[in-house]
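Peer 1: First the structure, then my questions, so here it is.
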Amino acid sequence: MKKQLMYILMAGLTLTSCEEVTKLLIKQKEEPKAVADYSKYTQEDSTHMFFKNVPINGPLEMFVKRMEQQGFKNYGSDNSENILIDPEDSADDGTAVLYGDFADYKDCILHVQTLDSKDVVAKINVAFPVREEWDDLHGDYKHLKEMLTTKYGKSSACREKINIDPIYISARISNHDRMYAVGDNRCEYVTTFTTDKGNVKLSIEPKTPTTGFVMLTYTDKINSGVIRKHAIDDL
């Protein structure tokens, strides 16, 4: 009889324990998950450089969501043959790679970078489609430069030079020579526009020994200043 009572008591305790665990699990499921407070970044928006009407500031996750709202896709959500920046090479901690349409160009690549020691977006690189012909590549550069001049005014710096040793040229420099110079990193086409909130750099970059693409780099003044301060503190 005592054994039966003991078994009944143990069964009751076990049932009670299971009910308590179930209630606890239901309670945890019903409790709202903590949501990150991004309101302070909205309040500071007007002091930062903007990209696609979005301030270059705040946590990486928040910025990526804002870019997705603008129509960009996270690289991990699709496999596009037009991706220019290889995530295996460039997407270290604190970076994100997206792609989408930008400034009337299809399949542009966004490389979003944060501060080295803090989850705050500071720089955006935009890679335009790869070109095989100099006329197309230079055409992209010239077209974007004209639009940037319309928006930001006169550039603060500009250097447009192709470094080719005259000994290798029998006549005038050909477009073939120019593309090889691009691929060999001997094409210096860089124009910078400076504002009170940051700067925008337009440049021609190599992709392969015979191809290249135009790059736009947006750098926020405040957040890049944080990087500089940390570097100075290290000295």
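Peer 1: Tell me which residues, restricted to segment 118-145, are under 15 Å from residue 104 (Cβ atoms) and part of a strand (DSSP E or B).
Peer 2: The one that is under 15 Å from residue 104 (Cβ atoms) and part of a strand (DSSP E or B): 126.
Peer 1: Determine the pairs where a residue that is modelled with pLDDT of 95 or more and crowded, with 21+ Cβ neighbours inside 10 Å, located within segment 117-130, has a partner that is of a type in the set (Lys, Arg) and not in a strand (DSSP E or B) with Cβ atoms under 6 Å apart, the partner being 6 or more residues away or on another chain.
Peer 2: Going by the 6 Å Cβ cut-off, there are no qualifying pairs.
Peer 1: Test of understanding: among 224, 203, which residue is touching a strand residue (DSSP E or B) at 6+ places or on another chain (Cβ under 6 Å), modelled with pLDDT under 95 and of a type in the set (Gly, Ala, Ser)?
Peer 2: From the options 224, 203, the qualifying one is 224.
Peer 1: To continue, here is another question. Give the number of residues within segment 119-166 that are more than 16 Å from residue 218 (Cβ to Cβ) and touching a His at 6+ places or on another chain (Cβ under 9 Å).
Peer 2: 2
Peer 1: Can you tell me which condition residue 189 does not meet? The list is (1) in a strand (DSSP E or B); (2) aromatic (Phe, Trp, Tyr); (3) over 28 Å from residue 224 (Cβ atoms), and all the others hold.
Peer 2: (3)
The values are calculated or read from the model by the stated rules, or taken from the named source; none is laboratory data. Here the structure is a predicted model, which is why all the values come from computation and not from measurement. Don't worry about glycine lacking a Cβ; one is built from the backbone with ideal geometry, like all the others, and counts go over all protein chains shown.
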